[in-house]
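Report on the structure given below.
Where a number appears in this text, it was derived from the coordinates with a stated rule and is not lab data. What you see is a predicted model; the values in this text were computed from it and never measured. A quick note on method: Cβ atoms are made from the backbone with ideal geometry, for glycine too, and the neighbour counts reach across all protein chains shown.
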Amino acid sequence: MMGFDSQDMTALLLTLKLALVVTVLLLVISTPLAWWLSRSCSWLRAPVAALITLPLILPPTVLGFYLLLAMGPEGPIGYLSERLGIGSLAFSFTGLVIGSLFYSLPFVVQPIQNAMESMGERPFEVAATLRAGPIDRFFTVLLPLCRTGFITAAVLGFAHTLGEFGVVLMIGGNIPGETQVLSVQLYEHVEALDYPRAHRLAALMLALSFITMLLLHGLRSGKRSAKVLGF
Amino acid sequence: MAFPGDKFALDAEFSLPMDRVTAIFGPSGSGKTTLLRCIAGLQRARGELFFGDACWQQGRHCLPCHRRPIAYVFQEASLFPHLSVAGNLRYAQRRAAPQAPALEEVVDLLDLAALMSHRPDQLSGGERQRVAIARALLIGPELLLMDEPLSGLDDRRKAEILPYLETLCRASNIPILYVSHSVDEVCRLADTLLMLENGNVSHYGPMEELLMQQVIARPGSADVSAVLRARVNRIDEQWQLAELAFNGGALWVQHNDEALGSEQRLRIRAQDVSISLSAHGDSSILNVLPCSITAISDEAVGAMQVLTLQLGSERLLARLTRRSIDHLGLTVGMSVFAQIKSVAIIR
């Protein structure tokens with residue numbers, strides 16, 4: 001396909017798989033987290049929010065370094081995985097998923113949190129006075145009213161995981177079919193001075209990213225014009 | 001219902017009749033909304049709350065809002081923006097109690113048939129509030145809580161929606177708690193009045209009684225008025241007038257479509273009542289009734305004072321200048337004639 005060899009294809013499929021798994025997991029994790037952040041008055045709110053958003057500014061290699069230590073035999077995650085009989089998570093796909101969860105967390109939590117904050121308390125209270133229990137309220141009020149937030153979160157989480165490099169390099173290394181994602185493969189090609197193959201991968205990622213952003217902005221402006229039309 | 005609470009400095013303990021419209025009345029910041037939200041279970045305060053025999057809150061037990069057989073009409077538009085009018089109504093219908101009224105019945109009552117397919121943002125403020133009231137009724141509540149449902153509306157929209165509320169209050173057999181700071185709405189809708197001041201119950205009793213004691217209107221304001229109940233006794237087709245009789249006299253008022261024999265609620269503002277010492281017939285004023293002065297307000301506000309007049313078992317208020325009172329030599333116990341310039345049928 002388009003001149004990609006099997007190794008590039010493997011890297012592409014692995015990258016898509018990683019992004020998909022991470023996005024689904026992050027949506028599940030971020031929903032309660034965003035809810036708590038948008039509603040809590042606890043003093044813990046600020047430190048937790050800071051921790052979650054830390055990957056926005058932290059060099060990915062720093063995050064990767066600490067995760068590598070944590071997953072090592074001396075680290076807490078490594079200890080746990082050894083005890084559970086999974087073995088070390090470093091340099092494995094699972095390890096990559098864990099790393100990406102931390103790395104992309106803020107990109108998923110923030111859009112959901114913003115949507116929940118702008119929804120406010122009132123629709124929830126109204127639903128409660130109409131006999132809707134908590135689970136009922138989640139599906140009939142929160143999900144539809146925060147739909148745009150959830151879609152934005154999914155797209156951003158997916159796209160951001162696609163482009164991951166530093167964390168992968170630190171904790172995943174470069175194992176074809178296991179941890180060798182697109183960005184690492186691209187780096188490999190450049191290192192080997194194989195510019196034509198690097199070009200193809202870079203162009204592919206550029207196109208993927210552009211399409212993602214196009215979809216996202218299309219969604220937003222679509223929403224805006226729909227509002228004007230009264231839908 | 002008993003409710004002693006102390007959060008937000010709210011300290012209220014009372015029981016309410018279960019078959020009537022009770023207005024929770026008071027200036028803004030007096031805790032009206034907080035009280036209503038605590039009753040709904042939307043907010044928690046320390047205390048006890050019983051509805052009939054059912055315990056809604058006691059000690060650590062607190063029944064969550066969605067388990068309480070209430071309905072709540074919020075101050076501002078609270079329709080779900082992602083659902084149409086029909087969708088909003090169906091949301092309630094799907095979760096309704098068995099005794100809930102039929103959709104068609106409620107849609108008729110609030111005149112919503114033409115709006116069913118509209119989105120909330122296509123409706124006017126008054127229409128939105130009508131839909132919200134309909135949605136509240138459709139859940140089949142055993143207690144209807146309304147938090148200033150008209151306060152976000154201008155006078156025209158208020159006038160448009162008040163008749164619906166009146167029909168609702170008269171027709172429904174569910175108790176209604178109605179939060180308001182408008183004397184006008186209270187006069188028209190309430191039977192019982194609970195007055196809050198700084199989180200404390202300052203007065204509690206029948207609306208007519210409290211109105212008469214002038215506790216709900218600022219002394220000297222145009223809101224000072226009396227409310228009395230009268231029955232349509234006679235209809236004069238020639239002059240388009242109806243005679244409304246009460247224990248102590250009868251009043252001629254403009255006849256609209258009140259049925260013969262029906263009971264009406266009349267509001268007579270103190271500023272529309274003047275006093276004369278004799279019943280002379282050379283005046284344009286239609287209603288001149290003999291009565292006796294039972295009280296003269298002592299806290300004179302500026303130039304005005306308010307007289308309480310007894311007519312049979314009913315009472316009226318008259319707002320006069322102090323000069324007139326002095327000039328006519330009016331004192332408590334005197335028999336005089338009340339000239340009533342205007343009477344409003346409010347129900």
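With a point put 7 Å past each Cα toward its Cβ, work out how far B:Val332 is from B:Glu197 in nm, to one decimal.
With each label placed 7 Å out from Cα toward Cβ, I get 2.1 nm.
Could you work out how far the C-alpha centroid of region A:113-174 sits from that of region B:174-210, in angstrom?
44 Å
Going from the alpha-carbon gyration tensor of region A:1-123, what semi-axes, largest first and in whole Å, does one get by taking the root of 5 times each eigenvalue?
Values: eigenvalues 182, 91, 33 Å².
Whole-Å semi-axes of the equivalent ellipsoid: 30, 21, 13.
In terms of the Cα gyration tensor, with a ≥ b ≥ c the square roots of its eigenvalues, is region B:202-347 rounded because a/c is under 1.5, prolate because a/b exceeds b/c, or oblate?
Details: a/c = 2.03, a/b = 1.35, b/c = 1.51.
Because a/c hits 1.5 or more and a/b fails to exceed b/c, region B:202-347 counts as oblate.
What number of lysine-lysine pairs in the protein assembly as shown show an alpha-carbon separation below 30 angstrom, given a sequence spacing of 8 or more or placement on distinct chains?
On the way: A:Lys17/A:Lys223; A:Lys227/B:Lys158; B:Lys7/B:Lys32; B:Lys32/B:Lys158; B:Lys158/B:Lys341.
Lysine pairs, 8 or more places apart or on different chains, close enough: 5.
Peptide B:93-101: average number of partner chain Cβ atoms within 10 Å per residue?
Numbers: counts 1, 5, 7, 2, 1, 0, 0, 0, 0.
If you average over the peptide's residues, the count of other-chain Cβ atoms is 2.
Viscosity 1.002 mPa s, temperature 20 °C: Stokes-Einstein D of region B:7-132 from its Kirkwood Cα radius, in µm² per second? Intermediate results must be reported in sequence, preceding the final value.
Numbers: Rh = 16.8 Å.
Estimated diffusion coefficient is 127 µm²/s.
Could you tell me which residue out of A:Gln7, A:Ala207, A:Ile98 lies farthest along the dipole of chain A toward its positive end? Charges go on the beta carbon: Lys and Arg +1, Asp and Glu -1, centred on the Cα centre.
A:Ala207
Please rank A:His217, B:His255, fewest neighbouring Cβ atoms within 10 Å first, as an exposure proxy. Provide the component values of the computation, followed by the final result.
Values: A:His217 10, B:His255 18.
Lowest to highest Cβ neighbour count: A:His217, B:His255.
Length gain on complete extension for the stretch B:Ile346 to B:Ser124, per 0.36 nm per residue less the alpha carbon to alpha carbon distance?
Values: separation 222, 0.36 × 222 = 79.92 nm, distance 2.51 nm.
Taking 0.36 nm per residue and subtracting the Cα distance, the gain is 77.4 nm.
What does the average come to when, for each residue of peptide B:60-71, you count the partner chain Cβ atoms lying within 10 Å of its Cβ?
Details: counts 0, 0, 0, 0, 3, 9, 10, 3, 3, 1, 2, 3.
For this peptide, the per-residue mean of nearby foreign Cβ atoms is 3.
With charges set only on the Cβ (+1 for Lys and Arg, -1 for Asp and Glu), what does the dipole of region B:1-150 come to about its Cα centre, in debye to the nearest 20?
Numbers: 16 positive and 16 negative charges, 117 e Å.
So the magnitude is around 560 debye.
At what distance in angstrom do the alpha carbon centres of region A:19-47 and region B:224-253 lie from each other?
Value for the Cα centre distance between the two parts: 66 Å.
Rounded to whole Hz and in sequence order, give me ³J(HN,Hα) for region B:315-332 from the Karplus expression 6.51 cos²θ - 1.76 cosθ + 1.60, θ = phi - 60°, writing x for Gly and Pro.
With the stated coefficients, region B:315-332 comes to 10, 10, 10, 10, 9, 10, 6, 4, 5, 4, 4, 5, 4, 7, x, 6, 9, 4 Hz.
Using a Förster distance of 25 Å, how high is the FRET efficiency between B:Glu13 and B:Ala97, based on the Cβ-Cβ distance and rounded to 0.05? Don't jump to the answer; show the numbers that get you there.
Details: r = 29 Å, r/R0 = 1.15.
After rounding to 0.05, the efficiency reads 0.30.
Taking 8 Å as the Cα distance limit and 6 or more residues as the minimum spacing, I'd like the relative contact order of region B:170-291 as a percentage. Walk me through the numbers before you get to the answer.
Numbers: 152 pairs, mean separation 21.7, N = 122.
RCO, region B:170-291: 18 percent.
State to the nearest 20 debye the size of the charge dipole of region A:98-220 about its Cα centre, where the only charges are +1 on K and R beta carbons and -1 on D and E beta carbons.
Working: 7 positive and 9 negative charges, 91 e Å.
Dipole size: approximately 440 debye.
Apply the Debye scattering formula to the protein assembly as shown, with a single equal point scatterer on each alpha-carbon and no solvent, then give log10 I(q)/I(0) at q = 0.07 Å⁻¹.
Values returned for q = 0.07 Å⁻¹ are -0.62.
Projected onto the charge dipole of region A:82-191 (+1 at Lys/Arg Cβ, -1 at Asp/Glu Cβ, origin at the Cα centre), which of A:Ala154, A:Pro144, A:Val190 gives the Cα projection farthest towards the positive end?
A:Pro144
Charges only on Cβ, +1 for Lys and Arg, -1 for Asp and Glu: so what's the dipole of the protein assembly as shown about the Cα centre, in debye to the nearest 20? It would help to have the intermediate numbers written out before the result.
Numbers: 48 positive and 52 negative charges, 93 e Å.
It comes to approximately 440 debye.
Once you compute Rg and the Kirkwood Rh from C-alpha atoms, what is the Rg to Rh ratio for region B:188-265?
Values: Rg = 15.9 Å, Rh = 14.4 Å.
Checking Rg against Rh, the ratio lands at 1.10.
Per residue of B:79-87, count partner chain C-beta atoms within 10 Å of its C-beta, then hand back the mean as an integer. Please report the intermediate quantities before stating the final value.
On the way: counts 2, 8, 4, 7, 3, 0, 0, 0, 0.
Mean shielding by partner chains, rounded to a whole number: 3.
Can you give the helix-only mean residue ellipticity at 222 nm for the protein assembly as shown, where every DSSP H stretch with n ≥ 4 adds -39500 (n - 2.57) and the sum goes over all residues, rounded to the nearest 500 deg cm²/dmol? Kindly include the intermediate steps, with their values, before the conclusion.
Details: 19 runs with 246 residues, N = 578.
So the calculated ellipticity at 222 nm is -13500 deg cm²/dmol.
I need the helices of chain A that pass two filters: whole DSSP H segments spanning 18 Å or more by Cα along the axis, and mean Kyte-Doolittle score no lower than 1.0.
Taking the DSSP H segments of chain A (at least 18 Å long, mean hydropathy at least 1.0), we get A:6-39, A:147-162.
Is chain A rounded, prolate or oblate when judged by the Cα gyration tensor, a ≥ b ≥ c being the square roots of its eigenvalues, rounded requiring a/c under 1.5 and prolate requiring a/b larger than b/c? Don't skip to the end; give the middle numbers.
Details: a/c = 2.52, a/b = 1.44, b/c = 1.75.
In terms of gyration-tensor shape, oblate.
Normalised by the residues of region A:26-131, what does the relative contact order come to in percent, with Cα pairs under 8 Å and at least six apart?
39 percent
Treat region B:139-237 as a sphere of radius equal to its Kirkwood radius over Cα pairs and apply Stokes-Einstein at 25 °C in a medium of 0.890 mPa s; give the translational diffusion coefficient in µm²/s, rounded to a whole number.
This corresponds to a translational diffusion coefficient of 161 µm²/s.
Treating region A:63-136 as a set of equal point scatterers at the Cα positions, no solvent, please give the Debye-formula log₁₀ I(q)/I(0) at q = 0.11, 0.13 Å⁻¹.
-0.51, -0.60
Can you tell me the relative contact order of chain B? Whole percent, Cα pairs under 8 Å, sequence separation 6 or more. All intermediate terms of the calculation are to be shown ahead of the outcome.
Numbers: 706 pairs, mean separation 55.8, N = 347.
Across chain B, relative contact order equals 16 percent.
Restricting to Cα atoms and excluding each atom paired with itself, what does the Kirkwood estimate give for chain B in Å? Walk me through the numbers before you get to the answer.
Numbers: mean 1/r = 0.0454 Å⁻¹.
About 22.0 Å for chain B.
Taking the Cβ of each residue in A:Val22, B:Val224 as the centre, tally the other Cβ atoms inside 10 Å and list the residues starting with the fewest.
Neighbour counts put them in this order, fewest first: B:Val224, A:Val22.
Ranking request for peptides B:75-86, A:92-103, B:235-246: highest mean number of other beta-carbon atoms within 10 Å first, then the rest in descending order. Working shown, then result.
Numbers: B:75-86: 18.7, A:92-103: 22.0, B:235-246: 14.2.
Per-residue Cβ counts within 10 Å, averaged per peptide and sorted highest first, yield A:92-103, B:75-86, B:235-246.
Using the per-residue mean of other Cβ atoms lying within 10 Å as a proxy for protection, in what order, highest first, do the peptides A:152-162, B:95-105 fall? Please list the in-between numbers first.
Values: A:152-162: 22.9, B:95-105: 13.7.
Answer by packing, highest mean first, reads A:152-162, B:95-105.
What list do you get for A:Tyr79, B:Tyr178, B:Tyr204 if you sort them by fewest beta carbons within 10 Å? Don't skip to the answer; put the middle values down first.
On the way: A:Tyr79 14, B:Tyr178 27, B:Tyr204 17.
Least crowded to most crowded, the residues run A:Tyr79, B:Tyr204, B:Tyr178.
Cβ under 9 Å from B:Asp272's Cβ, B:Asp272 left aside: what net charge do those residues give with Lys, Arg +1 and Asp, Glu -1?
Details: positive: B:Arg269, B:Arg319, B:Lys341; negative: none.
The answer is +3.
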